[in-house]
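Take a look at the structure set out below.
Computed from the coordinates by the stated procedures, all read-outs in this text should not be read as laboratory data. What you see is a predicted model; the values in this text were computed from it and never measured. All Cβ positions, glycine included, derive from the backbone under ideal geometry; neighbour counts span all protein chains shown.
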Amino acid sequence: MCTVMQKDVLIEMVANTMATIDVRTEPNAEDNEDQNYLMNLRNDLYSTHHDDIDYNLLSMTVKNIKNKYIGQPVHKYYA
């Protein structure tokens, strides 16, 4: 269960993580497993009532995904 504000925070976390991955991967590359997961999660968040969302679990999951990419350099295309 989460609040409406926590749901909004999760949506922003997903968007930020997707952007982090995008600038660190090859432009026009096929989406990887993490990107596909995040796209599906975003869609699920928009269509799920906030009472049915586990904020703690999902926020940790998204943070763990972001941490895999945050140390990688920005792709030269975007630099």
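Would you kindly state the longest site-free stretch of the chain, with sites defined as chymotrypsin sites (Phe, Trp or Tyr not before Pro) in a DSSP loop (not H, G, I, E, B) surrounded by at most 11 other Cβ atoms within 10 Å? Provide the component values of the computation, followed by the final result.
Numbers: sites that count: Tyr77, Tyr78.
So the longest stretch without any such site is 1-76.
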Distance from segment 1-29 to segment 50-75 (C-alpha centre basis), Å: 8
Net lengthening on full extension, His49/Asp31 (0.36 nm per residue, minus Cα-Cα): 3.7 nm
Using alpha-carbon pairs under 8 Å, 6+ residues apart, how would you state the relative contact order of segment 4-70 in percent? 58
HN-Hα J couplings of segment 41-52 from phi, Karplus 6.51/-1.76/1.60, θ = phi - 60°, integer Hz, Gly and Pro as x? 4, 4, 4, 5, 4, 4, 9, 10, 5, 4, 5, 9
Along segment 66-75, Karplus-curve 3J(HN,Hα) (6.51, -1.76, 1.60; θ = phi - 60°) to the nearest Hz, with x for Gly and Pro, reads 4, 4, 5, 10, 4, x, 7, x, 5, 4
The Kirkwood hydrodynamic radius of segment 4-70, taken as the inverse of the mean 1/r over all distinct Cα pairs, in Å, comes to 12.2
